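One structure is given here, and the rest of the page talks about it.
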Amino acid sequence: MNDDQVKQLKASMKNYHLDGYQLSLTQLTKGNYITPKEFQDYMKQTDNTDTVQTNANAKADDSLTTIQNDLNEKYSKDISNIYVGQVKDKANTSKQLIAIQLADKGQGNRSEIEKSANQLVKDNNVDAVVQFVSGNGKS
């Protein structure tokens, strides 16, 4: 996240009745994305009391990384960031997620990129949701 995004998050905390709390962020990478394996390695280094699933989701994580790399390679000028990983909904159900942030230049190719991403999901036999996010984190 860049400095402006962090400032926006901090400013929005009062909207969620969190104005008495302090936001603490740790950037895992300065690059465009972090792989699920890099995230797991980071979690292992920072707190040994937390359990990180490494084997249960290894195949899905590898597939997500493959999809991420394929999209980055094919649409390098159209995509500014791709975030992959696992999220949980309010019912605590896990779901694989591929969040794509388009560059200004890529806005006209959104439907093609979405079709390609969904085909890669199918080809890699991953149960993932493909979402697009804007630069400020909203879809």
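Laboratory data are not the source of any read-out in this text; all were calculated from the coordinates shown. What you see is a predicted model, and the numbers here were worked out from it, not measured in a lab. For neighbour counting, all protein chains shown are included, and Cβ atoms are generated from backbone atoms with ideal geometry for every residue, glycine included.
The table that follows gives values for the structure above.
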item: Per-residue HN-Hα couplings for segment 117-131 [Karplus 6.51, -1.76, 1.60; θ = phi - 60°; Hz; x = Gly/Pro]; result: 4, 5, 5, 5, 4, 5, 4, 8, 6, 10, 8, 10, 9, 9, 10
item: Around Ala11: net Lys/Arg minus Asp/Glu count, Cβ-Cβ under 12 Å; result: +1
